[in-house]
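Okay, so here's the structure we're looking at.
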Amino acid sequence: MPATKRERITGLGYDPNFGGIDLSGCPSAQDWPKDASFIDDRFAPMDTTGSGHGSAGLKKFIAEQAAEGEGASVVHVGDNAFRVFSKDGQWHADGEVGGKRHRYSAPDRDALLGKLMKLAARRDTIKKLSELQLLEVARIAGTGDRVAAINRYLEYAVPQALADKYDDPNEIVNDPALRTFMDSACEYVWLNSRLDATDSEDWQDYKAQFVGQRPVSCALLDHAWSEFSSSRNRLVFAPSVKEEPEPQPVAADIENMTDAEIDATYKGVARSFAQSGRR
């Protein structure tokens, strides 16, 4: 079959000389240039905060909320325990070193732990005595030499860097910041120097009331123990029981008594009156 020649479309108003439809007034119907961006500068720029600083802030917020929900944890700085927790977007640490309270805050956990590490590296904080050191102090106190026992306690607990801050050793004893530490050291030496003293809840309650706001000293504790011991050994006397008088015979009984019985009864009554008169 011979090939047919493709004919031009005719009819239906087709005009071969027509140049096409003018689409300059309809940009959306035009073809996009291959190297052009789809972003129209006539509109506001796109929000890219979700992939930058905004997402980091969101992650931080979520981490803080999770930390607050977990509650506090315990971090040890040497022999001292610190309570670490997150609150209101800040990390906090609260603990006691050598009888002195320390509080720290930081924007994040790593920064807070860095502060605690610096505290651990400091050499001017009160040290906690080891069991061997406490035993040595107790044995010295047991000999009755309280001054030597307290001095040995301070030698172990007070580092040289802290002692160098004071011109006079007495300043350490009278420093209000170290009062809790000094009171505890004095109580330890006193208890081990008194062979007749025992620690108990009753003694602790009585001692707290007796000492009050005064600084603790061995002499003060001696007086407190003396009063405490006296109050425990004090006897409580019961009221004396009154003797009931012997029943006296009535007229009906006398009529049935013999002369000898009447005479004996009379003498008994007279003897009772004589004894009551001597009282």
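All of the numbers you see were taken from the coordinates with simple rules; none came from a lab. Treat the numbers as computed from the prediction; the structure is a model and nothing was measured. Methodologically, a virtual Cβ is constructed for each residue, glycine included, from the backbone with ideal geometry; neighbour enumeration extends over all protein chains shown.
Extending 7 Å from Cα along the Cβ direction at Asp196 and again at Lys267 yields two label points whose distance is 5.6 nm. For the range 153-194, report the translational diffusion coefficient in µm²/s to the nearest whole number, using Stokes-Einstein at 4 °C, 1.567 mPa s, and a Kirkwood Rh over Cα pairs. For these conditions, the coefficient is 117 µm²/s. Counting every C-alpha pair in the range 131-233, the share spaced more than 19 angstrom apart comes to 46%. Net charge dipole, the range 131-233: roughly 160 debye, given to the nearest 20, about the Cα centre with Cβ charges of +1 for Lys and Arg and -1 for Asp and Glu. Roughly how many nanometres apart are two label points built 7 Å out from the Cα toward the Cβ at Gln213 and Asp108? Going by the 7 Å Cα→Cβ label model, 4.6 nm. Computed from the C-beta positions of Lys127 and His223 and an R0 of 30 Å, the FRET efficiency is 0.45 to the nearest 0.05. Modelled spin-label separation between Glu96 and Ser230, with each label point placed 7 Å from Cα along the Cα-to-Cβ direction: 3.2 nm.
Take the cross-link list Lys128/Lys207; Lys127/Lys207; Lys115/Lys165; Lys100/Lys207; Lys87/Lys128 and give me the ones stretching past 28 Å between alpha-carbons. As for pairs spanning more than 28 Å Cα to Cα, those are Lys87/Lys128.
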